[in-house]
1. Among the residues of the stretch A:9-28, how many are in contact (Cβ under 8 Å) with a residue 24 or more places away in the chain and at the interface with chain B (Cβ under 10 Å from one of its Cβ atoms)?
2. If you check residue A:84 against the conditions, is it facing chain B (nearest Cβ under 9 Å) and free of Cβ contacts under 8 Å to residues at least 12 places away in the same chain?
3. Can you tell me which residues in the stretch A:72-122 are in contact with a helix residue (DSSP H, G or I) (Cβ under 8 Å, 6 or more places away or on another chain) and within 20 Å of residue B:126 (Cβ to Cβ)?
4. Can you pull out the residues in the stretch A:30-68 that are surrounded by 17 or more Cβ atoms within 10 Å (Cβ to Cβ), part of a loop (DSSP other than H, G, I, E, B) and more than 14 Å from every other protein chain (Cβ to nearest Cβ)?
5. If only one of A:118, A:96 is over 17 Å from the mean Cα position of the chain (by Cα) and either within 20 Å of residue B:23 (Cβ to Cβ) or away from chain B (no Cβ under 14 Å) (or both), which one is it?
């Protein structure tokens, strides 16, 4: 495969409202999208635009959220994952599988409404990596 | 201030040669720059281009490297910092200081040859944040 653009950096936070205030008032973000729930992933999500990519703020939704453990270990939040775009999710999945990389669960619909999957950080230089099909 | 472009994501690694092989062979990076030492920062550095930003691979240079502790805690490596561009480093520093953010050390010359400083992750939502003046 050919490395695609960095779509977003996932940043976990204990509070999306507090993080919105931080990115707006301290970092100077001018486009911050409406937060929304992704109950099937157990997170609340809010995208913040930078000039060349997005920050995806993620907050635990419910006590059994998959990021609850991350927030317990990092109460202030922190960098959670990187998301790269690919033109074809099925082909990308087959290529990562062919390289012996562990894929976390099935391909599913992500926060941008296109198919995504996650790769195990232990196979990815310690970086939890999301692969998403570029929105059409 | 106004949020500038994401210049790079700092990714710590125990081995730049191994990470270069990973980004080339698994992730499909086509432009990987020559690694170089930054002895004054205690790191070896290698930039990997994505279509819209860079990955900055950083490996400890010497036992007292400032990232030696990070690698001890994360032996496979992992996400280390985010770097955003500003047009004027002096003004940006004054604005962050005005917001009460802790700045880690003096403004110095970074891996791209322009002035940079780092902000304390505890003030930045858990994200170690580098601010760099955009290369002219």
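Each value in this text was obtained by applying a stated rule to the coordinates, not by laboratory testing. Keep in mind it's a predicted model, so treat the numbers as computed, not measured. Methodologically, a virtual Cβ is constructed for each residue, glycine included, from the backbone with ideal geometry; neighbour enumeration extends over all protein chains shown.
1. 9
2. Numbers: facing chain B (nearest Cβ under 9 Å): yes; free of Cβ contacts under 8 Å to residues at least 12 places away in the same chain: no.
Judged against the criteria, residue A:84 is not a match.
3. A:76, A:77, A:78, A:80
4. Initial filter on the stretch A:30-68 (surrounded by 17 or more Cβ atoms within 10 Å (Cβ to Cβ)): A:32, A:41-48, A:50, A:53-61, A:65, A:67.
Imposing the further condition that a residue be part of a loop (DSSP other than H, G, I, E, B) reduces the set to A:41-42, A:50, A:53, A:61, A:65, A:67.
Scanning the stretch A:30-68 gives A:41, A:42, A:61, A:65.
5. Values: A:118 fails: over 17 Å from the mean Cα position of the chain (by Cα).
Residue meeting the stated conditions: A:96.
Residue-wise test of (1) part of a helix (DSSP H, G or I); (2) surrounded by 16 or more Cβ atoms within 10 Å (Cβ to Cβ).
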residue	(1), (2)
A:70	yes, yes
A:79	no, yes
A:85	no, yes
A:93	yes, yes
A:96	yes, yes
A:104	no, no
A:118	no, yes
A:125	no, yes
A:132	no, yes
